[in-house]
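Input: a single structure, listed below in structure tokens.
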Amino acid sequence: MKSIKELEAIRERALKEIAIRENEGKTRIVVGMATCGIAAGAKPVMNAFVEELNKRNIHNVSVAMTGCIGVCRFEPIAEVIEPNGEKTTYVKLNPEKARRIVAEHIVNGRPVIEYTIGAAQD
Amino acid sequence: MIYRSHVLICHGTGCTSSKSEQVAEAMQRELVERGLDSEVKIVKTGCFGLCERGPIMVIYPEGATYCMVTVEDVPEIVEEHLVKGRIVKRLLLGDKEAKDVAKSLENVGFFNKQMRIALRNCGVINPENIEEYIARDGYSALAKVLTEMTPQEVIDVIKKSGLRGRGGAGFPTGVKWQFAHDAQGDEKYVCCNADEGDPGAFMDRSVLEGDPHSVLEAMTIAGYAIGAKQGYIYVRAEYPIAVQRLRIAIDQAREYGLLGNNIFGTDFSFDIDLRLGAGAFVCGEETALMTSIEGHRGEPRTRPPFPAVKGLFGKPTLLNNVETYANIPVIINKGPEWFASIGTEKSKGTKVFAIGGKINNTGLVEIPMGTTLREVIYDIGGGIPNGKKFKAAQTGGPSGGCIPASHIDTPIDYESLISLGSMMGSGGLIVMDEDTCMVDIAKFFLEFTVDESCGKCPPCRIGTKRMLEILEKITSGKGEESDIEKLESLANSIKKSALCGLGQTAPNPVLSTLRYFRDEYLAHVREKRCPAGICKALIRYVILEDKCKGCGLCARKCPAGAISGEIRKPHTIDANKCLKCGVCMESCKFNAIITQ
């Protein structure tokens with residue numbers, strides 16, 4: 001890094017990348033992959049998301065990992081962030097549930113309410 | 001012939017009456033026109049059962065379900081979905097279900113009282129992608145520091161912010177930086193203590209796993225402030241994911257020129273390396289940590305000289321905890337006044353706690369200093385499971401103490417916890433309910449320190465062992481009243497005479513439980529009774545005569561054959577044979593077996 005301008009350029013570019021996701025209707029699936037998540041089985045869940053998206057030929061959804069969000073007792077956790085910024089937090093996932101989320105939420109725009117954090121808390 | 005896509009159109013009575021036949025014809029025409037009829041197959045199906053919203057069309061492989069499709073919608077579906085591969089959102093079956101369920105984490109009570117500074121990026125960015133960190137203002141604090149501020153100005157900002165060490169003791173961070181800055185030396189070092197060892201604490205691990213660049217950026221800022229060129233992160237080898245993500249982060253930072261020579265075109269150069277600890281608790285103590293980085297056996301040494309004067313390799317060294325560093329870039333960016341406006345008079349900012357034990361929401365929370373224990377346990381933590389009563393919370397791990405239920409409304413900050421005989425510690429918070437025996441808890445933590453004592457100084461090596469022996473005597477029902485006095489006098493002399501922080505704080509769990517739960521110790525000693533029913537030697541399983549139906553189930557289940565009696569008459573337990581496993585109590589359908 002030779003100058004602040006360079007940092008600014010990267011920041012702009014990275015922000016744009018996120019913005020592209022947002023403007024062009026790109027949904028993000030973010031899976032918690034800290035120790036707590038992995039111990040609870042986040043890896044197969046992440047794989048299930050990727051496989052199911054591939055199987056259904058869906059290319060405008062990105063799957064990314066992230067750190068611990070804090071509610072470790074609900075791991076594995078994944079958040080679906082829609083182009084308009086709306087977030088749905090899914091908890092206590094397994095590969096089966098991940099596939100259903102792709103089918104219902106990603107493809108058909110119907111969040112699977114029973115897997116959300118709100119439902120799990122009651 | 002293999003089709004890449006199947007379009008299922010409902011031809012049940014309901015959909016047919018809402019013109020699905022015409023939709024299918026329009027689809028067929030459109031496909032032929034665009035030459036897609038060899039790639040896409042139309043399938044006329046039976047009823048989907050969603051007649052109210054027909055005509056229904058489902059397109060595979062995606063499995064998109066479109067409803068109320070009209071002839072006019074068909075060109076759009078073909079163009080968008082079948083040609084461009086984009087789902088036509090407006091036609092989707094959509095979300096008709098109740099919206100009152102909290103869908104995202106932000107809408108849940110767990111989040112409302114939190115304030116995320118150190119954890120700002122955890123669970124938000126991809127930790128293995130430096131650009132996501134940069135997008136969220138990452139490394140802009142470093143840029144500002146290197147191009148606009150002098151080292152002394154940086155230190156003044158940190159001092160003004162009121163930030164104190166998050167490792168536990170709460171020493172003012174700015175003052176520490178000043179000492180390291182003022183120390184004379186041709187070479188200086190910046191170290192990060194990531195040797196998190198308290199049972200049940202995992203704040204630092206989460207920061208390293210979720211936001212490693214925040215620590216790298218802050219260490220580089222510290223390097224500039226004190227005049228160091230090299231940093232070391234001392235991290236436990238038991239944190240493989242944290243280690244891996246730190247390695248990736250360091251490589252990326254070097255690649256982007258954010259570590260290395262002439263950062264941001266200035267003449268400041270800085271680099272960071274990892275040192276893996278083998279998991280000894282004592283290596284979290286600063287002098288032992290540096291001895292370990294040097295490649296020697298991790299043993300502490302006397303202070304002074306303090307590390308700021310004579311630390312790693314005998315050079316002036318700055319050592320801060322992971323969470324302390326994670327706060328630095330935000331303080332630089334948002335200003336010390338902003339940070340100082342959060343928290344209490346003497347404790348500024350937020351603190352991350354790992355909440356565990358008998359609580360509903362185990363996990364990681366970040367709260368402003370001054371939040372009460374009650375808010376943490378009930379509003380954020382969701383209360384105690386199974387309707388049990390809150391008894392005490394343990395903070396500070398093996399170096400800390402207990403906060404009893406009577407002090408639940410105490411605002412959490414460094415001073416208030418010390419005055420209660422506990423300490424902030426690195427942030428482990430273990431919640432205990434009425435079924436927890438406080439003598440047993442003290443014994444647990446002492447077992448830990450006895451195991452982890454490095455053995456260099458006798459008060460810690462021998463003294464904690466003697467204390468543990470007394471506790472074992474008490475919990476096995478052989479305690480005498482004089483033992484409690486012996487415990488207290490041993491504890492006080494160890495506190496005064498041990499070499500390092502580990503020994504000096506090791507008696508705290510015993511002293512604090514004695515302070516608030518002396519009656520429990522006395523019950524163990526005088527009445528040979530464990531009020532919580534935990535200490536095995538002191539409990540007895542008995543069958544209540546009036547409740548026992550004589551079914552004989554417990555006698556069959558008992559692995560030791562300790563239960564006898566005639567069928568349909570009350571049974572009895574032979575205390576000499578009883579293993580106190582509790583199987584009989586679990587199996588009894590009439591609640592006729594209790595512990596005494």
**Asked** For segment B:131-248, what's the relative contact order in percent, using C-alpha pairs closer than 8 Å and at least 6 residues apart?
**Response** 31
**Request:** Quick one: order B:M115, B:M369 from most to least accessible surface, probe 1.4 Å.
**Result:** B:M115, B:M369
**Item:** Stokes-Einstein D (µm²/s) once Rh is taken as the Kirkwood radius of the protein assembly as shown over alpha-carbon pairs, at 25 °C in 0.890 mPa s
**Value:** 84
**Asked** Could you give the nm distance between label points at A:N57 and B:L92, where each point is 7 Å from its Cα heading toward the beta carbon?
**Response** 1.8
**Request:** State, to one decimal in nm, how far the label point of B:N492 lies from the label point of B:D137, with both points 7 Å from Cα in the Cβ direction.
**Result:** 5.0
**Radius 14 Å from Cβ of B:M149, net charge of other residues (Lys, Arg +1; Asp, Glu -1)** = 0
**Asked** What Cys residues in chain A are without a partner cysteine, judged by a Cβ distance under 4.7 Å?
**Response** A:C68
**Prompt:** Given a 1.4 Å probe and every protein chain left where it sits, what share in percent of the accessible area of segment B:272-347 is carbon and sulfur?
**Reply:** 51
**Prompt:** How many percent of DSSP beta bridges within chain A run antiparallel, rounded to 5?
**Reply:** 60
**Request:** Give, in nm to one decimal, the length gained when the segment between B:N591 and B:K160 is fully stretched (0.36 nm per residue of separation minus the Cα-Cα distance).
**Result:** 149.0 nm
**Prompt:** When DSSP assigns beta bridges and you keep just the ones with both residues in chain B, what percent turn out antiparallel, to the nearest 5?
**Reply:** 55
**Rounded to the nearest 20 debye, dipole of segment B:104-195 from Cβ charges on Lys, Arg, Asp, Glu** = 540
**Prompt:** What list of whole percents do you get for P(r) of segment B:350-433, with Cα-Cα distances grouped in 10 Å bins up to the one holding the largest distance?
**Reply:** 20, 61, 19, 0
**Asked** With every protein chain present, what accessible area does B:C437 have (1.4 Å probe, heavy atoms only), rounded to the nearest 10 Å²?
**Response** 0
**Request:** Give the Debye-formula value of log10 I(q)/I(0) at each listed q (0.23 Å⁻¹), with one equal scatterer per alpha carbon of chain A, two decimals each.
**Result:** -1.30
**Prompt:** How big is the antiparallel share of DSSP beta bridges in the protein assembly as shown, given as a percent to the nearest 5?
**Reply:** 55
**Asked** Share of segment B:350-433's accessible area from carbon and sulfur, percent, 1.4 Å?
**Response** 55
**Message:** Less than 12 Å Cβ to Cβ from B:C581, Lys/Arg counted +1 and Asp/Glu -1: what total charge do the surrounding residues give?
**Reply:** +3
**Message:** For a Förster distance of 51 Å, can you work out the FRET efficiency between the beta-carbons of B:A278 and B:N576, rounded to the nearest 0.05?
**Reply:** 0.65
**Pairs beyond 28 Å (Cα-Cα), from A:K87/B:K84; B:K159/B:K495; B:K549/B:K577; B:K391/B:K549; B:K44/B:K84** = B:K159/B:K495; B:K391/B:K549
**Asked** R0 = 60 Å: FRET efficiency of B:S341 with B:K41, Cβ-based, nearest 0.05?
**Response** 0.40
**Prompt:** Which sequence of B:D267, B:D73 reflects their accessible areas, 1.4 Å probe, from the largest down?
**Reply:** B:D267, B:D73
**Request:** Would you check the accessible area of B:F448, probe 1.4 Å, heavy atoms only, in square angstrom rounded to 10?
**Result:** 40
**Request:** Note the buried accessible area between B and A here, summed over both chains, with a 1.4 Å probe, in Å² to the nearest 100.
**Result:** 4600
**Asked** Using a simple spin-label model with points 7 Å from Cα along the Cα→Cβ vector, what separation in nm is obtained for B:R515 and B:R254?
**Response** 4.8
**Fill in**
extent check for segment A:77-122: Cα max minus min per principal axis, descending, whole Å, gives 27, 20, 15
**Message:** Report, in listed order, any pair from B:K351/B:K465; B:K389/B:K536; A:K97/B:K580; A:K92/B:K348; A:K16/B:K229; A:K2/B:K113 with a Cα-Cα distance greater than 30 Å.
**Reply:** B:K351/B:K465; A:K97/B:K580; A:K92/B:K348; A:K16/B:K229; A:K2/B:K113
**Semi-axes of the equivalent ellipsoid for segment B:130-339, Cα gyration tensor, largest first, Å** = 23, 20, 17
**Evaluated over chain B, the Cα radius of gyration and Dmax, each in Å** = 32.2, 98
**Within straight-line cross-link reach of B:K496, aspartates and glutamates at Cα separation under 14 Å, skipping those fewer than 8 residues along the same chain** = B:E488
**Relative contact order for chain B, counting Cα pairs under 8 Å that sit 6 or more residues apart, in percent** = 11
**Prompt:** How much accessible surface does B:R254 have with a 1.4 Å probe, in Å² rounded to 10?
**Reply:** 90
**Whole-number percent relative contact order across segment B:220-317, with pairs defined as alpha carbons under 8 Å at least 6 apart** = 23
**Prompt:** How many percent of the accessible area of segment B:492-596 is carbon or sulfur, using a 1.4 Å probe?
**Reply:** 49
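The values are calculated or read from the model by the stated rules, or taken from the named source; none is laboratory data. This one's a predicted model, so the numbers in the text were calculated from it and none came from an experiment. So basically every Cβ, Gly included, is an ideal-geometry build from the backbone, and we count neighbours across all protein chains shown. Each accessible area value is taken on the protein alone, full model and side chains, heavy atoms only, with ligands, DNA and RNA left out. Shrake-Rupley method; radii C 1.70, N 1.55, O 1.52, S 1.80 Å.
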